[in-house]
Amino acid sequence: MNTLTTALGTGRLRWLRATLTVLVAAAVAVGAPFYFAPFQVFQLTMVLLYAVALAGLNLLVGFGGQISLGHGAFFAAGAYTAAVMLDRYGTGHLATLPAAAAGCFLLGLGFGVPALRLRGLYLALVTLSFAVFLPPLLKRLEPVTGGSMGLTVDKLEPPAWSGLAEDQWTYFVVLAVTAVALLLARNLLRSRVGRALLAVRDNESAAEVMGVRLALHKTLAFAWSAMFAGVAGCLYTWVIGFVSPDSFSFVLSITLLAGLVVGGLASLYGPLLGAAFVMYVPSVSQDLSEAAPGVVFGLLIITVMFVAPTGLAGLPGRVLGAVTRRLQRTAPLDRTPGAESTFGTGPVPDAHPKSPAESGPSATVTPADPEVADAEPVGAPPRTEKE
């Protein structure tokens, strides 16, 4: 009964802590655009849309155990889907979001089928090739994509009743889409699909024995990941208002993967931290060294990996564990009353001494005695003359 009460109390405390965390985060997120300057609001908006892309990549790499260096290509596909619909067909902004999500889901589903027979570095090379050849392909499709010049589209316009500026309205729209996307990723991981992905990541053979269809869930991991990337690309078009092939080079795919690793693999908060890293660290590197910002960026990644091998999401737990171990080492020994009288004076006598018959013959035999092999087991009856 006490154990059940303790468990219920712990669960209630965790629920209360999670609720308070969500409320504080929501309050900060809602109040941010009214406190910061327009450019800083733009940066926060970019962090949110990058978080959506990293949440999809986390499903594939962190929870699915597969690697992808072509996530930027799905990001570009979603961005161009929205841009073409807005520029060529004049659809509304909201209509482009489900179209980009559905198109990238089908694209990831088709790409995941041939990738079933590949893993490790071979799969990484194939996905990287997808990110490499897509920008030149977009340049070739000039009648649709605008070629090297790209496409310029209208940004989100705030309604008159909102009373918000353009950057504030865009921020709130992207914030709402990001919240829904992160909630969807969380619920997906807690469903049968998420448990199957974890089983496949940990041990494919054991998962197959348990009835998990490896081909189906591996393909679905690519599809879900591509869908999240397509949604992020659509948001990118809304925020920037311009797309071009040079904006989606293979460097974007590598940067997204690096941001996920820095933020924390297989963590629900890792995509948000990784998105902040992707957005702010390049600008900080540019400010520190205008001649070689890439060197500063690489050194910062190495530093974070040394300080937090499990990513920034695992850093608080790592620090708390180190502090706890340090306190345990420095804590004084707990001695009971009367222990000082017997401490260091030899073994404590047994309260119920055993008789020689109970202790057995082996109690008087030392390990170096050659008769150990012939010693009788403890508690055995004494041998007779006939034996």
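A few remarks follow.
- Shape analysis of segment 108-210 places it in the oblate category; the axes a ≥ b ≥ c from the Cα gyration tensor give an a/c of at least 1.5, with a/b not above b/c.
- P(r) histogram, all alpha-carbon pairs of segment 33-84 included - 10 Å bins from 0, percent: 21, 38, 28, 11, 0
- Relative contact order computed over segment 17-152 (Cα-Cα under 8 Å; 6+ residues apart), in percent: 24
- Extension gain from Ala18 to Asn187, taking 0.36 nm per residue of separation minus the Cα-Cα distance: 59.3 nm
- Cβ-based net charge around Gly241, under 14 Å, with every Lys or Arg adding one and every Asp or Glu removing one: -4
- Length added when fully stretched, Ile254-Thr303, from 0.36 nm per residue minus Cα-Cα: 15.9 nm
- Near Arg195: Cβ cut-off under 14 Å, other residues only, Lys/Arg at +1 and Asp/Glu at -1. The net charge is +4.
- A DSSP coil position with no more than 11 other Cβ atoms inside 10 Å describes the following chymotrypsin sites (Phe, Trp or Tyr not before Pro) in segment 19-89: Tyr89.
- Per principal axis, descending, Cα span of segment 1-116 in whole Å: 65, 46, 24
- Rolling a 1.4 Å probe over the heavy atoms of the protein chains gives segment 1-148 an accessible area of 54 Å² per residue.
- Interchain or long-range residues, amide H under 5 Å from Phe242's placed H: Val153
- Normalised contact order of segment 165-321, rounded percent, pairs of Cα under 8 Å and 6 or more residues apart: 15
- Inter-part distance, segment 29-53 to segment 94-113, computed on C-alpha centroids, equals 26 Å.
- Based on alpha-carbon atoms, the Kirkwood radius and the radius of gyration of segment 185-268 give Rg/Rh equal to 1.06.
- Net lengthening on full extension, Tyr89/Ala322 (0.36 nm per residue, minus Cα-Cα): 78.1 nm
The values are calculated or read from the model by the stated rules, or taken from the named source; none is laboratory data. Keep in mind it's a predicted model, so treat the numbers as computed, not measured. Positions of Cβ are generated from backbone atoms using ideal geometry, with glycine treated the same way; all protein chains shown enter the neighbour counts. Note: areas computed on protein heavy atoms with side chains; ligands, DNA, RNA excluded. Shrake-Rupley method; radii C 1.70, N 1.55, O 1.52, S 1.80 Å.
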